[in-house]
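The values are calculated or read from the model by the stated rules, or taken from the named source; none is laboratory data. If you're wondering where the values come from, they're calculated on a predicted model, not measured in any experiment. Every residue, glycine as well, gets a Cβ built from its backbone with ideal geometry; the counts of neighbours run over all protein chains shown. To get the accessible areas, we keep the full protein, side chains included, count just its heavy atoms, and leave off ligands, DNA and RNA. Shrake-Rupley method; radii C 1.70, N 1.55, O 1.52, S 1.80 Å.
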Amino acid sequence: MLQQTRVAAVIPYYDRFLERYPSYDALAAAEEQELLGMWAGLGYYSRARNLQAAAREMVRLGGFPREYAAIRALPGVGEYTAAAVASIAFGLPHAVVDGNVLRVMARFGAEGGEITAAATKNRLREAADAFLDAAEPSRHNQAVMELGATVCTPKDPQCGRCPIEPWCEGRARGLARELPVKSSKTVIRRVERSLLVVMRNGHILLWQRPPDAVILSGFWELPEPHQLPKAKPGVALHRFKHSITNHIYQFEVFSVAAGKWSPPEGELWRWVPVAGLAEIPLSTTARKALAGLAQGKLFQ
DNA sequence: CATACGTGGAT
DNA sequence: TATCCAAGTAT
């Protein structure tokens, strides 16, 4: 859950998740729709499927793997997570390299290469390995990450409060604030989109993203106009903004009268009772669109 | 190996 | 409002 996600955002999800799936047996047996529902809103949904796949692997293995290579081989576990689990759970001497560590080591060694370049990352990885206190890898790793999160912060680093400031090459050269060097920013695209709210007898028309969808597979969505060419958009209900990686979507939500046209047939389309919306994994866009209507006339 | 993947909080 | 980026991974 913590992969690219702030601790504060994770905590409520973590608590609910552990309550519902207290063991890897429970997680391994979970229904996919329920699992996605537990993860809905947290983002990076492949993590949920990978975590379940890992749980099923543990069922097969008969327990949690205790060696770095076996941990690293679990689905969704990369170098960072493998090192974090190996060091924190099992005391194995592997240095974690997350965003915090990259920044701390870049400043500590006055690394001037672009942070996204593989060669730079490799140098910083080596620096992190050399820096590791192999006698206490758990405390060391957490300490370096915490240093990055609280003192050696991206902007306005608090060098005066830093316990390793006397040995910091970036500080000595007055570069701490400029490091790490980041590459050119990615282009953000703005896109206008529409969502349709089609109601019939207390049910709302939704479609489900197919299993092979690149994004949000398995989640339920409101239809867009091109999916319902016969439908005539009616009242514009409201607008909201939603960003997904390098896109900023401006959504406008329209109500549509269910009338003489028919919605597409098939597994992917369903009339969902409004009262049952909580039981399926709704995409965040659908959730935002419907939340904006909650006080409106639609559901009264 | 550059890029896509989600979302929201901080600045 | 715009930008950054978070206890990264898979492809």
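Please tell me the relative contact order of chain A in percent, rounded to the nearest whole number, where contacts are Cα pairs under 8 Å and at least six residues apart.
Numbers: 425 pairs, mean separation 45.8, N = 300.
It comes to 15 percent, rounded to a whole number.
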- [ ] Identify the residues of the stretch A:82-101 with backbone N under 19 Å of a label point that sits 7 angstrom from the Cα of A:Leu18 along the Cα-to-Cβ direction, or state none.
- [x] A:82, A:84-91
Open item on the list: For a Förster distance of 22 Å, can you work out the FRET efficiency between the beta-carbons of A:Ala89 and A:Glu32, rounded to the nearest 0.05?
Closed with: 0.20
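Filter the cross-link list A:Lys121/A:Lys241; A:Lys121/A:Lys155; A:Lys232/A:Lys288 down to pairs whose alpha-carbon distance in this structure exceeds 27 Å.
Details: A:Lys121/A:Lys241 34 Å; A:Lys121/A:Lys155 20 Å; A:Lys232/A:Lys288 22 Å.
Flagged as over cut-off: A:Lys121/A:Lys241.
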TODO: Report the local net charge at A:Pro154: Lys and Arg +1, Asp and Glu -1, summed over other residues whose C-beta lies under 11 Å from its C-beta.
DONE: +4
TODO: Would you mind calculating the gained length between A:Trp271 and A:Glu224 on full extension (0.36 nm times residue separation, minus the Cα-Cα distance), in nm to one decimal?
DONE: 15.4 nm
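Considering every Cα-Cα pair within chain A, what fraction, in whole percent, is farther apart than 23 Å?
66 percent
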Task: Spin-label pair A:Val191/A:His242, simplified geometry with 7 Å Cα→Cβ offset, distance in nm - done: 1.2 nm
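Once the other residues with Cβ under 14 Å from the Cβ of A:Ala118 are scored (Lys, Arg +1; Asp, Glu -1), what is the net sum? Mind dumping the intermediate values first?
Numbers: positive: A:Lys121, A:Arg123, A:Arg125; negative: A:Glu79, A:Glu111, A:Glu114, A:Glu126.
Within the 14 Å Cβ shell, the charges total -1.
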Task: Residue (of A:Leu132, A:Gly41, A:Gly109) at the positive-pole extreme of the stretch A:7-178, dipole from beta-carbon charges - done: A:Gly109
Task: Dipole of the stretch A:189-299, positive direction: furthest Cα of A:Leu282, A:Ala236, A:Gln208, with charges on the beta-carbon - done: A:Ala236
TODO: Quick one, could you list the DSSP H helices from chain A stretching 24 Å or more along their long axis (Cα atoms) with average Kyte-Doolittle hydropathy of -1.0 or above?
DONE: none
Open item on the list: Could you tell me the center-to-center distance, by alpha carbons, between the stretch A:220-237 and the stretch A:19-79 in angstrom?
Closed with: 36 Å
Task: Global size of the stretch A:7-88 as Cα Rg and Dmax, reported in angstrom - done: 12.7, 33
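Just order A:4-10, A:286-292, A:101-107, A:177-183 by mean Cβ neighbour count inside 10 Å, highest at the front, would you? Could the numbers behind the result be given before it?
Working: A:4-10: 11.4, A:286-292: 19.3, A:101-107: 24.9, A:177-183: 15.0.
Going by the mean number of other Cβ atoms within 10 Å, highest first, we get A:101-107, A:286-292, A:177-183, A:4-10.
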Task: Residue order for A:Arg47, A:Arg161 - accessible surface, 1.4 angstrom probe, largest first - done: A:Arg161, A:Arg47
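Within 10 Å, Cβ to Cβ, of A:His94, how many net charges do the neighbouring residues add up to if Lys/Arg are +1 and Asp/Glu are -1?
Values: positive: A:Arg72; negative: A:Glu79, A:Asp129.
Net local charge, A:His94 excluded: -1.
Leaving ligands and nucleic acids out of the surface, order A:Met38, A:Met58 by accessible area at 1.4 Å, largest first.
Details: A:Met38 40, A:Met58 15 Å².
Per-residue accessible area, sorted high to low, gives A:Met38, A:Met58.
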Open item on the list: Looking at the calculated P(r) for the stretch A:4-153, what percent of the C-alpha pair distances fall above 21 Å?
Closed with: 52 percent
TODO: Tell me the label-point distance for the pair A:Thr150, A:Ala53, using the 7 Å Cα-to-Cβ offset, in nm and rounded to one decimal.
DONE: 3.6 nm
